[in-house]
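First the structure, in the form of C-alpha cells, and then the observations on it.
The values are calculated or read from the model by the stated rules, or taken from the named source; none is laboratory data. Remember, predicted model here, so these are calculated numbers, not experimental data. FYI the Cβ positions are ideal-geometry reconstructions off the backbone, even for glycines, and counts take in every protein chain you see.
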Amino acid sequence: MKYILDPADFTDWQELHKLLIECFAYMDELINPPSSLHQMTTDNLRKKAKKEILLVVYDDETLIACAFFDIQKEQIYIGKVAVAQDRRGQGIANKIFKIADNLAHENNKGWLQLKTRIELVDNHKAFERIGFITTAQNSHAGYTRPTYITMRKKLI
C-alpha cells in the first residue's frame with residue numbers, strides 16, 4: 001500500500017469523490033442534518049486540497065482511502081477520513097491517524113481534532129480507542145439539539 005501525503009500530481013478527483021460518497025453513504029439513514037458531502041463536488045475537493053493537506057492511499061492503482069489535514073493555530077484538524085468498505089479492519093485508519101500525529105509533531109502542534117456526528121456512536125468509540133476525548137457538543141445552524149461532537153487528542 002502507498003500512503004501519499006499532499007500529492008502534487010493528483011488528478012483523480014472523480015475517484016476521490018466516489019470513494020467519499022460510498023464510504024459516507026451508510027450515514028444517510030442515521031444523521032440529521034444530511035452530510036455536507038452531498039453538496040461537495042470534485043471541484044470543491046480540488047479547492048479543499050489547495051487549502052488543506054490531502055492524504056491518499058492506494059493499493060496498486062486503486063484508491064482505497066483518504067483524509068484531509070488542516071494545519072491550524074494549535075492543532076491539526078482531521079476531516080473526511082474514508083476507507084473503502086472492503087479494506088476496513090486492515091489498520092489503514094490507524095496508519096492515517098499516525099500520519100496525522102507525525103504531521104502535528106513536524107508542525108509543532110499539540111493536538112489533533114476532529115468532528116463527528118452525534119448519532120455515530122461507533123465512530124466515537126473508535127476515536128476514543130486511539131486516544132481522542134470528547135471536548136464539546138455542538139449544533140448545526142437551525143438545530144436546537146446537539147448534532148455533532150468535537151473530539152481532541154493531546155499529543156505527547
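Restricted to region 30-80, and to residues there that are modelled with pLDDT of 95 or more and small (G, A, S), the residue that is farthest from N94 (Cα to Cα) is A49. For beta carbons closer than 8 Å, sequence separation of 6+ or different chains, a first residue in region 71-86 that is polar (S, T, N, Q) and a second that is part of a loop (DSSP other than H, G, I, E, B), the qualifying pairs are Q72/K109; Q75/K109; Q75/G110.
Of the candidates I64, I71, I149, I133, the single residue that is of a type outside the set (F, W, Y) and either in contact with a Gly (Cβ under 9 Å, 6 or more places away or on another chain) or closer than 17 Å to Y3 by Cβ (or both) is I64.
When I78, I96 are checked against the criterion of being of a type in the set (V, I, T), under 21 Å from E22 (Cβ atoms), in contact with a Leu (Cβ under 7 Å, 6 or more places away or on another chain) and in a helix (DSSP H, G or I), a single residue qualifies: I96. Only one entry in D70, D59, D43 is surrounded by 11 or more Cβ atoms within 10 Å (Cβ to Cβ), farther than 25 Å from A104 by Cβ and among the charged types (D, E, K, R), namely D59. Candidates I21, I31, I4: the one that is more than 21 Å from R87 (Cβ to Cβ) and under 17 Å from the mean Cα position of the chain (by Cα) is I31.
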